[in-house]
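Please read the structure below before turning to the comments.
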């Protein structure tokens, strides 16, 4: 992960549900209620840059027989919920991933670093591979006809999340470069 | 919440990456995010005050949690500010490499018939004046131009900023797009060596005919 | 005949080849390798670029001398020399630009240790050091000087991310084997080992290719 990478920074802003494990008087503003203390047990959607380290920081047990716990416990975000996974299992191509999250795979990989979820991992991989083939097909067509994001291409791009859009652009530029090179070969 | 303004800056940076020109510098937003960092720092100091420099996380878990949130928020804002400025310097450096006189264009008005009537000013900004850059960015461009000139000076015969297309033809035909004054080449006016006129093509004086 | 044929034709170690030809080959190899590898490679320490630069200077002088001569035979030679000169200049320029692009992208990484710094030429070190200083100053004067002192650094690695970006050594590269060698590659689900033969072309991660390239058993293409 790169510090200055804009997409990584935006992925870091994706929100995940966090349940607070203690009362925190000063943090009511996180729950849009600055006047009230934040109560233990409250669940709030917090950006990854905050949630991850709050969950990983080990707070010191207050009594000897209490287990070491973190400040918050994380849950999976709606984008990785059972419903979305079922839809992806049924047909990866039918789901507009961008509606789930602009950085769907970025969010997914970050969460899978924190959660042992073999099933989600398998579904995401199959989804990526299936959709990548589709993306390559569309992008190759658009590149060879010099049609970038016009007509059918635009409609197709709308459902793609960021990794997929990058892949589309690479495949598009590759097809276009090949076409130009072939024409150059013919000319000389 | 904290970090929301920083996020706006990064969204600006994302947009900037996909634009041909450099949009206006977000002076107010940068100031607001910087202020947020200073306020957070004050909050940290206030939280620690009762402990007189010897705070231990076991003393108060809620304070420990708040401190962590404040620290992470400051670091987040720092990253957003750096990434925003870096995206812009990156773009400015590319313009300098391409030979645009980014700062000089600043003083010129639209349509005075000189260089900025062509493509160059449109790349640097949208409206022909250079107020899209912050004063600090103008300084940066000047200093970076000097640095690049010094580096190029080590390779005087190569023309480091020349074309990265492999050379194919020694001579090319060009069309003159605008008055550039007298240009002396060894082969007369219309039959010119590509290496001699690359700069003029890049700056929009000449067009290469294929 | 393309670059690959020319490179293959001559064993770089052979001494029977004129020094100029060997230099052109070394330059071409350095250019291909630099453009294809995700990490900055070591600047040639044997004075290759000083020699190439001198040659370019000589040829430019020669062109200037010959330009006055109107003899058609000279004129033809002139065009050949100039064409060759443009190609030489292109190779050097493209090579230097590929390096500067990498240095600009990961400046702090390449300045971070003596070992990394040794990959840069003296001029590149001066450029990178100054560039980093300019950037840091720009950040300071734009916002960073208003930060608490502990947050003003550009090389922290606190938290879950280092501020010093590094090249992605898992980027895929193509290599050609120059000797029969065992090739080990890591994959997402499993690793692979193959008995590579001289001349084989393989795609694998740069981190797996690097030991082969460094030991001269393969070259990046």
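Quick check: anything in the range B:50-66 out of contact with any strand residue (DSSP E or B) (no Cβ under 9 Å at 6 or more places or on another chain), in the same structural domain as residue B:102 (by TED's automatic domain parsing), farther than 30 Å from residue B:95 by Cα and surrounded by 14 or more Cβ atoms within 10 Å (Cβ to Cβ)? Yes, the range B:50-66 contains a residue that is out of contact with any strand residue (DSSP E or B) (no Cβ under 9 Å at 6 or more places or on another chain), in the same structural domain as residue B:102 (by TED's automatic domain parsing), farther than 30 Å from residue B:95 by Cα and surrounded by 14 or more Cβ atoms within 10 Å (Cβ to Cβ).
Hey, among A:16, A:24, A:84, which residue is surrounded by 14 or more Cβ atoms within 10 Å (Cβ to Cβ) and assigned by TED's automatic domain parsing to the domain that holds residue A:129? Explain how you work it out, then say what you get.
On the way: A:16 fails: assigned by TED's automatic domain parsing to the domain that holds residue A:129; A:24 fails: assigned by TED's automatic domain parsing to the domain that holds residue A:129.
Sole residue among the options that is surrounded by 14 or more Cβ atoms within 10 Å (Cβ to Cβ) and assigned by TED's automatic domain parsing to the domain that holds residue A:129: A:84.
Applying a threshold of 6 Å to beta carbon distances and a minimum spacing of six or more residues, or different chains, the list of pairs starting in the range B:143-172 at a residue that is closer than 15 Å to residue C:128 by Cα and facing chain C (nearest Cβ under 7 Å) and ending at one that is assigned to a loop (DSSP other than H, G, I, E, B) and at pLDDT 80 or above is empty. Here is the figure for the range C:165-214: residues that are farther than 30 Å from residue B:83 by Cα, touching a residue at least 24 places away in the same chain (Cβ under 8 Å) and not in a helix (DSSP H, G or I) total 14. Just to be sure, is residue C:99 surrounded by fewer than 18 Cβ atoms within 10 Å (Cβ to Cβ), under 17 Å from residue C:166 (Cα atoms) and touching a residue at least 40 places away in the same chain (Cβ under 8 Å)? It is false that residue C:99 is surrounded by fewer than 18 Cβ atoms within 10 Å (Cβ to Cβ), under 17 Å from residue C:166 (Cα atoms) and touching a residue at least 40 places away in the same chain (Cβ under 8 Å). Residues that are modelled with pLDDT of 90 or more, under 24 Å from the mean Cα position of the chain (by Cα) and outside any helix (DSSP H, G or I) do occur in the range A:20-27, at least one of them. Among the candidates C:127, C:110, the residue that is surrounded by 17 or more Cβ atoms within 10 Å (Cβ to Cβ), at the interface with another protein chain (Cβ under 9 Å from one of its Cβ atoms) and at pLDDT 95 or above is uniquely C:127.
Condition check ((1) without any contact (Cβ under 8 Å) to a residue 12 or more places away in the chain; (2) facing chain B (nearest Cβ under 7 Å); (3) surrounded by fewer than 19 Cβ atoms within 10 Å (Cβ to Cβ)) across all residues:
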| position | (1), (2), (3) |
| --- | --- |
| C:59 | no, no, yes |
| C:66 | no, no, yes |
| C:75 | yes, no, yes |
| C:89 | no, yes, no |
| C:106 | no, no, no |
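Of all helices (runs of 4 or more DSSP H) completely enclosed by the range C:55-119, which ones contain at least 2 residues that are out of contact with any helix residue (DSSP H, G or I) (no Cβ under 6 Å at 6 or more places or on another chain) and within 26 Å of residue C:25 (Cα to Cα)?
Numbers: elements: C:72-105, C:107-111, C:114-117.
Hits in the range C:55-119: C:72-105.
Number of residues in the range C:133-159 that are more than 7 Å from chain B (Cβ to nearest Cβ) and surrounded by 15 or more Cβ atoms within 10 Å (Cβ to Cβ) equals 7. Residues that are within 14 Å of the chain's Cα centre (by Cα) and at pLDDT below 95 within the range A:82-96 comprise just one, A:96.
Considering only residues in the range A:130-188 that are at pLDDT below 90 and not in a helix (DSSP H, G or I), the one that is farthest from residue A:106 (Cα to Cα) turns out to be A:188. For residue B:96, the conditions (1) under 30 Å from residue B:139 (Cβ atoms); (2) facing chain A (nearest Cβ under 9 Å) are fulfilled apart from (2).
The values are calculated or read from the model by the stated rules, or taken from the named source; none is laboratory data. Fair warning: this is a prediction, and the values are worked out from it, not measured in the lab. FYI the Cβ positions are ideal-geometry reconstructions off the backbone, even for glycines, and counts take in every protein chain you see.
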